[in-house]
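Worksheet: one structure, shown below.
The values are calculated or read from the model by the stated rules, or taken from the named source; none is laboratory data. These numbers come from a predicted model, not from an experiment. Note: ideal-geometry Cβ built from the backbone for every residue, glycine included; neighbour counts use all protein chains shown. For the accessible areas, the whole protein counts, side chains as well, though only heavy atoms, and no ligand, DNA or RNA atoms are used. Shrake-Rupley method; radii C 1.70, N 1.55, O 1.52, S 1.80 Å.
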Amino acid sequence: MVSDVHGNARDLARAGEGADALICLGDLVLFLDYADHSRGIFPDLFGEANADRIVELRTARRFEEARAFGAELWGGIEGDRFTAIEKAVRKQYAELFAAFPTPTYATYGNVDMPQLWPEYAGPGVTVLDAQRVEIGGWTFGFVGGGLRTPMRTPYEISDEEYAAKIEAVGEVDVLCTHIPPEVPELVYDTVARRFERGSRALLDAIRRTRPRYSLFGHVHQPLARRMRIGATECVNVGHFAGSGRPWALQW
């Protein structure tokens, strides 16, 4: 089980060793590494110094200034912004999807581009969103993407749309999502020093349907990596990009 791969194809290729299946909860793309500003699409296009500046502004929650600064940088790129980003994302997806073992079950993160996944997901990779699948006699439900934020990452959706996807999954043994339930200890990032967006609908579903596990990523350095909500064990299975270590679910 991995989440928040963010370009780590080397460790991803080994993540499924000894397992019956690999489950990936999204964020394959590395746009900007907040721990190492030299890595990612943004510094490749604009350099490390500009990456330092954009991280400084975002960390200070000066999002309007960050957007203005970014717009100035993008204005100097030949061609349109979307084409440049898609080209870089395609390069990463080609490497990352090739590293997935068989079988892999995956859903999208908030920085992913779902419209491109069908081109790269081979026969051994099952992509699921608002869907269920049986693995080893247990039912797993998958809900991808994130909720809308000032960061405006590619796959952010409304609270209503997200809640509908949670509802579509229904009762499962393991509820797999990219973002965590809306619990302060699970959504606070201790390094970024901010609360990320978690889902109230997910929290309500956990309390109502009582899955054995709720598994998620998104928050790279959470205040709490796991806790129980009633009968459900909630576990943050990221940040794979930094650790390179998968989390194993055994039953």
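What the table shows:
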read-out	value
Failed item in (1) touching a Ser or Thr at 6+ places or on another chain (Cβ under 7 Å); (2) closer than 30 Å to ASP33 by Cα; (3) surrounded by 17 or more Cβ atoms within 10 Å (Cβ to Cβ), with ALA241 passing the rest	(1)
Subset of segment 225-239 [at pLDDT 95 or above and in contact with a strand residue (DSSP E or B) (Cβ under 8 Å, 6 or more places away or on another chain)]	ARG225, ARG226, MET227, ARG228, ILE229, THR232, GLU233, CYS234, VAL235, ASN236, VAL237
Residue in segment 130-137 that is outside any loop (DSSP other than H, G, I, E, B), of a type in the set (Asp, Glu) and within 25 Å of LEU249 (Cα to Cα) present	yes
Hits in segment 45-79 (condition: open to solvent by 80 Å² or more (accessible area, probe 1.4 Å) and acidic (Asp, Glu))	GLU48, GLU56, GLU64, GLU65, GLU72, GLU78
Helices (runs of 4 or more DSSP H) wholly inside segment 24-120 containing at least 2 residues that are under 27 Å from ARG194 (Cβ atoms) and without any contact (Cβ under 8 Å) to a residue 24 or more places away in the chain	41-46, 48-59, 63-74
Index of the failed condition, ALA121 passing every other in (1) open to solvent by 50 Å² or more (accessible area, probe 1.4 Å); (2) over 14 Å from the mean Cα position of the chain (by Cα)	(1)
2 or more residues farther than 24 Å from ARG10 by Cα: qualifying helices (runs of 4 or more DSSP H) within segment 167-251	184-187, 200-209
Matching option when the condition is over 18 Å from the mean Cα position of the chain (by Cα) and within 24 Å of GLU161 (Cα to Cα), among ARG207, ARG193	ARG207
Of all residues in segment 141-176 being among the acidic types (Asp, Glu) and free of Cβ contacts under 8 Å to residues at least 24 places away in the same chain, the one that is surrounded by the fewest Cβ atoms within 10 Å (Cβ to Cβ)	GLU160
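Conditions (1) in contact with a Phe, Trp or Tyr (Cβ under 7 Å, 6 or more places away or on another chain); (2) among the acidic types (Asp, Glu); (3) at pLDDT 90 or above, marked per residue:
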residue: ARG14; (1), (2), (3): no, no, yes
residue: ASP33; (1), (2), (3): no, yes, no
residue: GLY47; (1), (2), (3): no, no, yes
residue: TRP74; (1), (2), (3): no, no, no
residue: ASP80; (1), (2), (3): no, yes, no
residue: THR83; (1), (2), (3): no, no, no
residue: LEU116; (1), (2), (3): yes, no, yes
